[in-house]
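**Student:** Sharing a structure with you now.
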Amino acid sequence: MNGMNSQAKAVFLWGTKEEVLSRSRADVPAFRLCRAGGELPPVELPFLAPGAEVVRTIVRGGRVVASVYEDEDAQYLLAAGVLPADLAAARGAQATSVFHELEAVLAEAGMTFAEVVRTWLYIDDVCDWYGEFNAARSAFFESRRVFETFLPASTGIGCSNADGAALVAGAIAMRPKRAGARAEIVESPLQAPAMAYRSSFSRAAEIITPGARSLFVSGTASIKPNSHDVAYVGDIVRQIDCTMNAVKAILVSRGRTWADVTRAIVYLKRPEFLNAWRAWLAANALDAHFAAETVCDVCRDEWLFEIEVDAVSGLRVI
């Protein structure tokens, strides 16, 4: 594994509002919030060509919520800490609003939702209203014809935020500037498309440029093949193995191995599940610090484990 994963080595737990208020890490999307001076913390984007630079930052609600990058291949937008317009609104209204806010951020960069490749949705009390959130997301995507353009990879996970919002969003978007630069949706060989059970995301997505290929595997959990049913209810050991097999199949389908993973975040339902995760890593000859390890609520009560990974090949030296 290369040096890109060095930021993900420490065990890092969050979940309560108190923990959120006291901790910040640039490599964990939920914590890519602005600093006191109003700027986003530095974040490595391995798919950028040498010489890429931030061409502008975008401010919403008095703080920086996005940086726009350009290189010879494309324009990119990294958004983080995007909040609903009204934090006192009902949760469903906040879910709708956060997508409108993200759309406004994209518009300031001259981009549209069709160019979003990857999203993160950190949702307070996620199991209480995940169905309502999903309905709001699907309705927005229908209204913007996202299902007909590019359905992004995504993570939707339970985590509070320092602003007390029902949810906070982040995203990566890409607008190609020349031939050979594009984004592709990647399906899972072992899991049905998420849209098969009306969840509005792709299993993975890939940014492809002449110099690098960056694969973003969505938050992945244990489901039975060709269904949306939870596999191995109550069994953390088998849920981890099922999930990791599904992720590995996606990697292999795009010519990757575990050695190509440059960033990973594990989401554990309870702290005591850390031992099972570490045991799986040892049994599969992977480093104990393979991923940033977190404790927060996975979006269905029966899911005990989730993971997201990025894998880059043809990595440029930035």
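Quick note: the coordinates plus some simple rules give every number you see, no bench work behind them. Small disclaimer: the values here were computed from a predicted structure and weren't measured. Virtual Cβ from ideal backbone geometry, glycine too; neighbours counted across all protein chains shown.
**Student:** Sorted by average packing, counted as other Cβ atoms within 10 angstrom per residue and highest first, what order do 156-167, 123-134 take? Don't skip to the answer; put the middle values down first.
**Tutor:** On the way: 156-167: 21.1, 123-134: 18.0.
So the peptides 156-167, 123-134, ranked by packing, come out 156-167, 123-134.
**Student:** So how far, in whole Å, is the C-alpha centre of region 89-124 from the one of region 201-271?
**Tutor:** Answer, in whole Å: 24.
**Student:** Pop the C-beta distance of ALA90 and ALA114 into the FRET formula with R0 = 25 Å and round what comes out to the nearest 0.05.
**Tutor:** Working from the Cβ atoms, E equals 0.35.
**Student:** Work out how much length ASP229 to ALA259 would gain on full extension: take 0.36 nm times their residue separation and subtract the Cα-Cα distance, in nm to one decimal.
**Tutor:** Result for the pair: 7.8 nm of gain on full extension.
**Student:** On to the next question. Determine which residues of region 106-130 fall in the zone a paramagnetic label at ALA139 would reach in this model, i.e. backbone nitrogen under 15 Å from the point 7 Å along Cα→Cβ.
**Tutor:** Only 130 pass the distance filter.
**Student:** Roughly what % antiparallel, to the nearest 5, for the DSSP beta bridges in region 237-316?
**Tutor:** On the way: 7 of 11 bridges.
If we restrict to bridges inside region 237-316, about 65 percent are antiparallel.
**Student:** Taking every DSSP beta bridge that has both residues in region 182-298, what percent is antiparallel when rounded to the nearest 5?
**Tutor:** 75 percent
**Student:** Once the Cβ-Cβ distance between GLU103 and VAL54 is put in as r, and R0 is 35 Å, what FRET efficiency do you end up with, to the nearest 0.05?
**Tutor:** E(calc), rounded to 0.05, equals 0.95.
**Student:** While we're looking at this one, here's another question. Taking 0.36 nm per intervening residue step and subtracting the Cα-Cα distance, what contour gain separates ARG300 from ASN275 on full extension?
**Tutor:** That pair, ARG300 and ASN275, stretches by 6.9 nm at full extension.
**Student:** Need one number: nm distance between label points at ALA282 and SER313, each 7 Å from Cα along Cα→Cβ, rounded to one decimal.
**Tutor:** Here the modelled spin labels are 3.2 nm apart.
**Student:** Would you please classify the overall shape of region 33-179 from the alpha carbon gyration tensor, given that a ≥ b ≥ c denote the square roots of the eigenvalues, rounded means a/c under 1.5, and beyond that prolate means a/b larger than b/c while oblate covers the rest?
**Tutor:** Oblate, because a/c is 1.5 or more while a/b does not exceed b/c.
**Student:** What is region 233-293's relative contact order, in percent, from Cα pairs under 8 angstrom and six or more apart in sequence?
**Tutor:** Computed over region 233-293, the figure is 38 percent.
**Student:** Going by average Cβ neighbours within 10 Å, how do the peptides 169-177, 280-288 rank, with the highest at the top?
**Tutor:** For the peptides 169-177, 280-288, the packing ranking is 169-177, 280-288.
**Student:** For region 210-318, what is the relative contact order in percent, using Cα pairs closer than 8 Å and at least 6 residues apart in sequence? The partial results should precede the final answer.
**Tutor:** Working: 176 pairs, mean separation 47.9, N = 109.
In percent, rounded to a whole number, it is 44.
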